[in-house]
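Here's the structure, in structure tokens; my notes come after.
The values are calculated or read from the model by the stated rules, or taken from the named source; none is laboratory data. In this text the structure is predicted, and so the values were computed from the model without any measurement. Every residue, glycine among them, receives a Cβ derived from its backbone with ideal geometry; neighbour counts consider all protein chains shown. Protein only, heavy atoms only, side chains kept; ligands, DNA and RNA dropped before computing areas. Shrake-Rupley method; radii C 1.70, N 1.55, O 1.52, S 1.80 Å.
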Amino acid sequence: MCGIVGIVSKKNVVEKIYSSLTRLEYRGYDSAGIAVVAGGIDRRRVEGKLSNLHAELKKKPLKGTVGIGHTRWATHGLPVTKNAHPHSTKRVSVVHNGIIENFSELRHELERKGYKFTSQTDTEVIPILITYYLDEGEKPFKAFQKTLGRLEGAFAIGAIFADDPKLLMAARKGSPLAIGYGKDEMYLASDAIALAPLSQKISYLEDDDYAKISINSCEIFDKSGKKVERIVKNSGISGGAVEKGHFKHFMLKEIHEQPTTIAETLTAYYDPVHHKINLPKAKFDITKTRRINIVACGTSYYSGMIGKYWIEQLAGIPVEVDIASEFRYRKPVFERGGLTLLISQSGETADTLAALKHAKENKQHIVSIVNVQQSSIARESDIIIPTLAGPEIGVASTKAFSAQLTCFAVLAIALAKNPPGLLQQLVDTPSIIAEVLHNDCYEEIADILAKAQSVIYIGRGTSYPIALEGALKLKEISYIHAEGIGAGELKHGPIALIDKKVPVVVIAPGDEYFTKTASNVREVAARGGKVILISDKKGCKDLKDVTYRAIEMPNVPSFITPLVYSVPEQLLAYYTALAKGADIDQPRNLAKSVTVE
Ligand code: M6R
């Protein structure tokens, strides 16, 4: 959460900082700011989105050859201007992503020394502590280094100094930080996406590294203060990968990219000559696994639930699935040499990373399905099974979810020793999804959902996690209350919610569970509920008399229904949010990458 950028150059850096921040706005958009060294420290800060900062910069331009910028997802303190980053004193200005856990103790110590605080944030202790060391006579580099030694928690920091207009300092502990190499210009950002149009030459700081960056050089030091080299790689991210193209929103673009991203993910593992799956090489034999713990958050967790169904049904390996924020607290019993599988689009989700560390401490093999291959979760894993979805910018996860499902499908097939038929079904999936994308019924049904106060989603078998995912998509971008419920569970309480004002979205592919789900549909209709049925031709016909609206899907084998049936849900959520005029790519209170627990 929070996006940070820093640039040191021979030219004015403000415009480039601003434009890099626009590519990080998915990380948070509660407030924004930029600071530069121009004589002393000068800064502009605003409440709300970057567009407000743009307006502020127009009114009061800012100029400098070294600067830092920030887009915030609030943790400590309200999302108001006084809490916006950069936080500054006369001598130093700082941007920060993460949490300083011992901020309260440091703040009291500095207040006792006579330093004044102006915000409610944990971050402000950083510039004030650096200032204290500067006031004690230390040079900027040493003052920064000494400050790092006092900070506890997880953070990525960028700092500039009034006394040295050619210096940009950076540090990483837990939160990612990329350094970009340009010509007579160096960059710093929370991720390589932000720097895509500026530089593709990127190195990543490792945990506890800090860096001294100037116009033509970057010196990196490890925790012990030893100078270290970090590999400079080509990020491979083009500027265009983070553009909306002709789509109105990133979410819509990403939904439409799914035939391609599923195919690309599948291609990475599918050997068409021998018609089998090749998993990434590992130091241990993944196919000998006797039990798996799957751990993730949000949408990634729902893909894990489907992974459980597939792995247990196809390979007969017992699987447990946990939400990452609870995994450690339930104190799971680990089997010696067992396998924990983490799923994360960003690879930075703090709860998932903490679960990974817990499993590692308990001597588990660590496998992760991640979209960002340079992420912390990827780096901490024994094997990664990458999703090749490309950058996902919309806060609502869509193409990353279907790429995760693709990885789970190939994993289940590999663990089951390549049973016949299933691979071909996966190969056919992208073209089936392309067909589903072109159905023209979504907007009309979304207008119905947009008028509801509450929407229920039901499904059975693998359609149950799809119901949960549909409800999450709807609530996070349209702010309509939505609940996903196992179709059979409805009668154990939630059916009391049903009346004629409550649309019930039913995920009912023509699989072995259809007849049972059909009975649940009739129970809903008998209580006046408005049934929005997602089913195939036969299903729509069988339930026509009790259906308010239907989305007719192609006939698909039951194995791939989660991949195919999640698409109409994504489009329903999108068009409902559009009808409500909601901020689709940046829904309120959320951020794309959740790096706090
Ligand atoms: O980056 P991750 O996959 O670890 O993120 C997990 C969740 O925060 C994420 O899936 C979230 O639920 C999405 N906003 C849902 O669309």
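Structure summary
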item	result
Unique residue being open to solvent by 10 Å² or more (accessible area, probe 1.4 Å) and small (G, A, S) when the list is A416, A396	A416
Flag for P140 being surrounded by 20 or more Cβ atoms within 10 Å (Cβ to Cβ), within 16 Å of I99 (Cα to Cα) and either small (G, A, S) or in the same structural domain as I213 (by TED's automatic domain parsing) (or both)	no
Close pairs (7 angstrom Cβ cut-off, 6 or more residues apart or separate chains): in the same structural domain as E380 (by TED's automatic domain parsing) and more than 20 Å from A389 (Cα to Cα) in region 267-295, basic (K, R) and surrounded by 12 or more Cβ atoms within 10 Å (Cβ to Cβ) anywhere	I294/K308
Breaking point among (1) touching a residue at least 12 places away in the same chain (Cβ under 8 Å); (2) part of a helix (DSSP H, G or I); (3) more than 14 Å from the ligand (Cβ to nearest atom), for E312	(1)
Matching residues in region 330-355 - criterion: being of a type in the set (D, E, K, R) and within 16 Å of the ligand (Cβ to nearest atom)	E348, D351
Residue identified as farther than 20 Å from P280 by Cβ and open to solvent by less than 20 Å² (accessible area, probe 1.4 Å) among T352, T340, T387, T299	T299
Matching residues in region 287-305 - criterion: being in a helix (DSSP H, G or I) and modelled with pLDDT under 95	T287, K288
Subset of region 79-103 (residues that are assigned to a helix (DSSP H, G or I) and open to solvent by 40 Å² or more (accessible area, probe 1.4 Å))	T81, K82, F103
Among the residues listed as K281, K308, the single one being modelled with pLDDT of 95 or more and open to solvent by 10 Å² or more (accessible area, probe 1.4 Å)	K308
Residues of region 13-42 classified as under 21 Å from the mean Cα position of the chain (by Cα) and of a type in the set (A, V, I, L, M), total	3
Which listed residue, of R527, R588, R522, is farther than 25 Å from S402 by Cα and modelled with pLDDT under 95	R527
Of all residues in region 392-415 being modelled with pLDDT of 95 or more and not in a helix (DSSP H, G or I), the one that is nearest to P259 (Cα to Cα)	T398
All strands (runs of 3 or more DSSP E) inside region 498-597 with 3 or more residues being within 16 Å of the ligand (Cβ to nearest atom) and at negative phi	none
Region 107-144, residues that are part of a helix (DSSP H, G or I) and under 31 Å from the mean Cα position of the chain (by Cα)	V125, I126, P127, F144
The lone exception for Y301 - which of (1) within 16 Å of the ligand (Cβ to nearest atom); (2) in contact with a Leu (Cβ under 8 Å, 6 or more places away or on another chain) it fails	(2)
Qualifying positions in region 536-588 - under 25 Å from the mean Cα position of the chain (by Cα) and hydroxyl-bearing (S, T, Y)	T561, Y565, S566, Y574, Y575, T576
Of all residues making up region 356-371, the number that are among the hydrophobic types (A, V, I, L, M, F, W, C), in contact (Cβ under 8 Å) with a residue 40 or more places away in the chain and either surrounded by fewer than 24 Cβ atoms within 10 Å (Cβ to Cβ) or away from the ligand (no atom under 13 Å from the Cβ) (or both)	2
Candidate set from region 315-326 (those that are within 25 Å of P420 (Cα to Cα) and surrounded by fewer than 16 Cβ atoms within 10 Å (Cβ to Cβ)); member that is nearest to the ligand (Cβ to nearest atom)	P318
Any hit, region 55-69, residues being under 22 Å from the mean Cα position of the chain (by Cα), surrounded by 24 or more Cβ atoms within 10 Å (Cβ to Cβ) and not in a loop (DSSP other than H, G, I, E, B)	yes
Residue list for region 267-277, restricted to those being aliphatic (A, V, I, L, M) and open to solvent by 30 Å² or more (accessible area, probe 1.4 Å)	A268, V273
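Listed here are the residues, each with its yes/no results for (1) closer than 22 Å to L449 by Cβ; (2) surrounded by 22 or more Cβ atoms within 10 Å (Cβ to Cβ).
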residue	(1), (2)
A508	yes, yes
E512	no, no
D536	yes, no
E552	yes, no
N555	no, no
S558	no, no
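This table checks each residue for (1) under 18 Å from N589 (Cβ atoms); (2) small (G, A, S).
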| residue | (1), (2) |
| --- | --- |
| D42 | no, no |
| R45 | no, no |
| G48 | yes, yes |
| H54 | no, no |
| K58 | no, no |
| P61 | no, no |
| G67 | no, yes |
| R72 | yes, no |
